[in-house]
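Chemist: Please find one structure pasted underneath; my questions will follow.
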Amino acid sequence: MRTLTIIVSLMCMALSVSAARADRRVAFVVGNGAYKNVAQLPNPPIDAKAMAATLRNVGFEVIEGSNLSRDQMTEKLLDFGRKAQGSDVAVFYYAGHGIAVGGSNYLLPVDADIKSEMDVKLGAAINIDLTLDQTMGDAKVKLVFLDACRDNPFAAKIKSNSATRSVNVQSGLAEMKSGEGTLIAFATGPGQTALDGQEGNNSPFTRALIDNITKPGVEIQQAMTSVRAQVNEETHKGQLPWGHTNLIGAVYLNPAQQTQQVANAAPTASSSMPAAAASSSSDGVELEYWRSVKETNKPEELNAYLSAYPNGQFKALALARLAAIQNGPSTTTRNLNAGVDPATFTDDASQLTEDQIGLDKGQRRDVQRRLNGLGFDTKVTGAFTDETRTVLKRWQAARGYPSTGFLNKLQHKALLSEIVASTPTASDDSAKPARRAPSQAQSAPAPRHSGGGGGDAGAAFVGGVVGGMMGGMFRR
């Protein structure tokens with residue numbers, strides 16, 4: 001009977017999660033920052049990328065864009081409107097410049113050039129009320145997040161060109177009321193301006209959204225309470241998000257822990273499973289975020305990950321990648337690549353190219369020793385096993401060579417030119433525990449020196465550390 005109860009409980013949990021994820025979920029996520037006619041905003045594209053990854057991880061189909069013109073935004077909105085029809089949950093997220101004119105709110109495409117109130121109302125900007133009504137009106141639940149409460153960059157022009165009549169141009173965005181089944185959240189209160197955050201990071205509002213709205217088992221209005229508290233604290237009470245809600249019933253973007261009640265009816269043996277699911281879901285959000293930025297060449301995207309997950313499981317890899325981007329290759333890596341034939345970075349290697357080198361067993365052992373000396377640990381057997389192939393891929397990736405696990409003549413030559421430590425490693429099966437005669441100890445290939453004396457070993461150590469970190473990163 002006990003076993004049957006557990007099985008029934010597990011089946012209920014599985015069905016509950018499956019049903020929750022079966023909802024049709026659609027999101028519009030756009031970040032505009034590269035404005036052509038006003039000051040640029042560095043962070044909105046980063047915010048949008050992070051939000052898109054967060055929503056995809058909980059089952060949303062995301063229509064995503066960054067730095068969109070008026071025509072591009074219209075195209076994305078049309079796509080969103082078609083897909084949001086009849087959806088269970090529709091999310092609208094925008095980061096960038098937004099303005100309030102005459103009590104109505106507008107979003108600014110990156111090509112906006114507004115000189116008067118007429119420009120705004122005749123289509124140079126995008127009316128938020130009209131947009132939400134046309135794209136999301138048919139969705140069962142509508143969630144709107146606007147990180148656009150910044151100073152109106154066109155305010156002075158609009159006012160100066162409206163000398164013959166009074167025009168209401170305010171800071172931030174105007175108050176909006178939500179219809180049935182809708183939640184609207186602003187980065188700050190009506191008429192106030194929000195912080196964009198440190199360059200290269202998420203804004204305080206978006207960071208708080210990412211941290212809270214997809215927490216397992218947390219209802220969206222409860223999550224928004226946490227968002228307000230987090231932003232208020234982070235900005236030292238300088239910014240307090242504001243919103244209006246008219247939701248009917250509880251809304252969960254990640255309902256994993258709703259199964260807790262079912263689990264409680266079962267014996268204690270199964271009661272810990274929802275917690276495990278919660279942990280897995282939380283890790284999944286971070287993993288999805290990391291996958292979206294791990295190969296980026298933009299420091300701001302890596303900084304955004306570090307800001308969202310200051311103690312994340314990929315922190316070391318993010319810092320290593322960031323250092324490589326910001327400083328260029330490390331001194332050690334530059335020295336390693338100095339004088340390397342440019343074709344080494346483009347020519348693929350294969351079993352055929354490796355066979356053409358004609359490496360005998362001793363030369364293969366030499367390759368393995370050199371990899372060990374550079375921090376890419378592998379057994380020194382004289383045979384290129386799957387383990388050695390994997391290590392070769394890590395070394396190739398760390399050096400910027402095509403990562404195939406095989407060598408060609410150019411890569412082999414580049415490896416031989418690198419400075420390596422001469423001490424045999426524990427993985428070298430030729431390094432016996434018994435003492436060797438001097439002549440035997442010297443039979444290993446001698447390390448190459450560049451005239452730095454004892455500095456060679458230090459360079460090799462640094463090269464090993466850098467190579468190991470970068471190699472591990474690409475391996476993931």
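The values are calculated or read from the model by the stated rules, or taken from the named source; none is laboratory data. Fair warning: this is a prediction, and the values are worked out from it, not measured in the lab. Note: ideal-geometry Cβ built from the backbone for every residue, glycine included; neighbour counts use all protein chains shown. Side chains included, ligands, DNA and RNA excluded: accessible areas come from the protein's heavy atoms. Shrake-Rupley method; radii C 1.70, N 1.55, O 1.52, S 1.80 Å.
Chemist: State which residue is modelled with the lowest pLDDT when the search covers only segment 111-131 and only residues that are buried (at least 23 other Cβ atoms within 10 Å of the Cβ) and within 29 Å of the chain's Cα centre (by Cα). Let's see the steps before the verdict.
Modeler: Of the residues in segment 111-131, the ones buried (at least 23 other Cβ atoms within 10 Å of the Cβ) are 112, 114, 120, 125, 128.
After this cut, where a residue has to be within 29 Å of the chain's Cα centre (by Cα) as well, the list is 112, 128.
Numbers: Ala112: 85, Ile128: 90.
Per the criteria, the residue is Ala112.
Chemist: Also: Could you tell me which numbered condition Ser171 fails, if it satisfies all but one of (1) farther than 28 Å from Ala318 by Cβ; (2) of a type in the set (Gly, Ala, Ser); (3) modelled with pLDDT of 90 or more?
Modeler: (3)
Chemist: Which of the residues spanning segment 179-188 are open to solvent by less than 10 Å² (accessible area, probe 1.4 Å) and at pLDDT below 80?
Modeler: None; the set is empty.
Chemist: Find the helices (runs of 4 or more DSSP H) located wholly in segment 320-414 whose residues include 2 or more that are modelled with pLDDT of 90 or more and more than 30 Å from Asn297 (Cβ to Cβ), and list them. Talk me through it step by step, then tell me what you get.
Modeler: Details: elements: 331-337, 351-357, 361-373, 386-399.
Hits in segment 320-414: 351-357, 361-373.
Chemist: Could you count how many residues in segment 50-82 are touching a residue at least 40 places away in the same chain (Cβ under 8 Å), in contact with an Asp or Glu (Cβ under 9 Å, 6 or more places away or on another chain) and β-branched (Val, Ile, Thr)?
Modeler: 1
Chemist: So which residues in segment 218-240 are part of a loop (DSSP other than H, G, I, E, B) and at pLDDT 90 or above? Show your work before the answer.
Modeler: Looking only at segment 218-240, we keep the residues that are part of a loop (DSSP other than H, G, I, E, B), and these are 218, 235-240.
Within segment 218-240, just Val218 meets the criteria.
Chemist: What number of residues in segment 396-415 are open to solvent by 40 Å² or more (accessible area, probe 1.4 Å) and hydrophobic (A, V, I, L, M, F, W, C)?
Modeler: 2
Chemist: Any residue in segment 34-51 that is of a type in the set (Val, Ile, Thr), in a loop (DSSP other than H, G, I, E, B), modelled with pLDDT of 85 or more and open to solvent by less than 20 Å² (accessible area, probe 1.4 Å)? Quick ask: steps written out before the conclusion?
Modeler: Just the residues of segment 34-51 that are of a type in the set (Val, Ile, Thr), to begin with: 38, 46.
With the extra rule that they be in a loop (DSSP other than H, G, I, E, B), the set shrinks to 38.
Okay, now just the ones that are also modelled with pLDDT of 85 or more, so none.
For segment 34-51, residues of a type in the set (Val, Ile, Thr), in a loop (DSSP other than H, G, I, E, B), modelled with pLDDT of 85 or more and open to solvent by less than 20 Å² (accessible area, probe 1.4 Å): absent.
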